[in-house]
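Working notes, structure below.
The values are calculated or read from the model by the stated rules, or taken from the named source; none is laboratory data. Here the structure is a predicted model, which means the values were calculated and not measured. A quick note on method: Cβ atoms are made from the backbone with ideal geometry, for glycine too, and the neighbour counts reach across all protein chains shown.
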Amino acid sequence: MKRRDFITLLSGAAAWPLAARAQQAMAAVGFLSLQSRGPASQLLEAFRRGLAETGYVEGQNVAIDYRLTEGRLDRLAEMAADLVRRQVSVIATTSTPAALAAKAATTNISIVFGVPEDPVKLGLVTSLARPGGNATGINFFTAEVVAKRLGLLRELLPGAARIAVLVNPTNTTNTEVTVRDVQSTAHAIGLQIQIFHASTNSEIDVAFATLVRERPDALFVAPDPFFTARRLQLVHLATRHALPASYPVREFVEEAGGLVSYGPSLTDMYRHIGVYSGRILKGTKPADLPVVQSNKFELIINLQTAKLLGLEIPPMLLARADEVIE
């Protein structure tokens, strides 16, 4: 063997352990979500932005192990268990089912969640100020603003009498809260409510076929990660059948062209999950990070869709909107 080749071989052999150690030293975050990568691309970017705010950049000093189920609740437990086997440092979750799956899979790995229900009642933390255990995150109150959304829909359509409510029966906790709040508010303001169920793409089509036959005055889409992932399908069907619809988050209106939404900012929630994940990677324990409660809610109105549906938005409602898409 030539001396030059021998030196090259030695230098290469020395580099391998260094490369291996560098790879082992890179922090790993598991990202468990019911979303699909395409529709969730902007939200995932917000998560990465939150990580970057704490000094972690994907591919440089942190690896993100994505587990996106594309709306399939039945895959959450399997994917959570796989992240635990891979020994990631943090599991970031963006829905109640995903948070509960992660919590059931591990008591050692840190969990950062975003949930619409009270995380104390869900058993994720012992209190908001002092979470205890291995989980913390953000409570973004989507379920709690159901009554407000229904009131805004009535304001938008003062002549409405019958409202269809679309819920995902597989997301039992969220559905129970939604149905309870909708029925209570509807009774108070004199609306009739009919509940429709959908947990798959085909079931959405079936629900809309029934809606077309029965012709309610409006559609109220419940807050649910599966519906957010299928927002293009839902908005397309509502617009195609000239059905005014209210949605839980701005992505339905801003990205898919829906009529109106009222709720918290998912982008801000994903960013905050990224920030908390980064802080945990730096050594802060979840028990020492209080659960953040979202206090910013956005009313988004799409005037183009309103004109397409032949609706005139009340001036007072337009004046209160956080954003009007023209």
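Within the range 266-278, can one find any residue that is over 19 Å from residue 99 (Cα atoms) and either assigned by TED's automatic domain parsing to the domain that holds residue 175 or out of contact with any Cys (no Cβ under 6 Å at 6 or more places or on another chain) (or both)? Working first, answer last.
From the range 266-278, those over 19 Å from residue 99 (Cα atoms) are none; that's our starting set.
For the range 266-278, residues over 19 Å from residue 99 (Cα atoms) and either assigned by TED's automatic domain parsing to the domain that holds residue 175 or out of contact with any Cys (no Cβ under 6 Å at 6 or more places or on another chain) (or both): absent.
In contact with a Ser or Thr (Cβ under 8 Å, 6 or more places away or on another chain), crowded, with 16+ Cβ neighbours inside 10 Å and outside the structural domain of residue 217 (by TED's automatic domain parsing): which single residue out of 290, 286 fits that description?
Values: 290 fails: crowded, with 16+ Cβ neighbours inside 10 Å.
Selected residue: 286, the only one of 290, 286 that is in contact with a Ser or Thr (Cβ under 8 Å, 6 or more places away or on another chain), crowded, with 16+ Cβ neighbours inside 10 Å and outside the structural domain of residue 217 (by TED's automatic domain parsing).
Which one is surrounded by the most Cβ atoms within 10 Å (Cβ to Cβ), of the residues in the range 81-96 that are farther than 17 Å from residue 275 by Cα and more than 17 Å from the chain's Cα centre (by Cα)?
Top of the filtered list is 83.
Show me the strands (runs of 3 or more DSSP E) entirely contained within the range 59-129 in which 3 or more residues are assigned by TED's automatic domain parsing to the domain that holds residue 225. Step through it out loud before you land on a result.
On the way: elements: 62-68, 90-93, 110-115.
So the answer is none; nothing clears 3.
Can you pull out every residue in the range 114-150 that is among the small types (Gly, Ala, Ser) and modelled with pLDDT of 90 or more? Walk me through how you get there before you give the answer.
The initial filter retains those residues of the range 114-150 that are among the small types (Gly, Ala, Ser), namely 114, 123, 127, 129, 132-133, 135, 137, 143, 147.
Correct list: 114, 123, 127, 129, 132, 133, 135, 137.
Please find, among 253, 235, 249, the residue that is within 22 Å of residue 37 (Cα to Cα), part of a helix (DSSP H, G or I), touching a residue at least 60 places away in the same chain (Cβ under 8 Å) and outside the structural domain of residue 134 (by TED's automatic domain parsing).
Just one listed residue meets the conditions, 253.
Does residue 310 meet the test of being surrounded by fewer than 22 Cβ atoms within 10 Å (Cβ to Cβ), outside the structural domain of residue 40 (by TED's automatic domain parsing), out of contact with any Leu (no Cβ under 6 Å at 6 or more places or on another chain) and small (Gly, Ala, Ser)? Reasoning before the result, please.
Values: surrounded by fewer than 22 Cβ atoms within 10 Å (Cβ to Cβ): yes; outside the structural domain of residue 40 (by TED's automatic domain parsing): yes; out of contact with any Leu (no Cβ under 6 Å at 6 or more places or on another chain): yes; small (Gly, Ala, Ser): yes.
Yes: the conditions hold for residue 310.
I want to confirm something. Restricting to the range 97-156 and keeping residues that are charged (D, E, K, R) and without any contact (Cβ under 8 Å) to a residue 24 or more places away in the chain, which single residue is nearest to residue 273 (Cα to Cα)?
Here the residue is 118.
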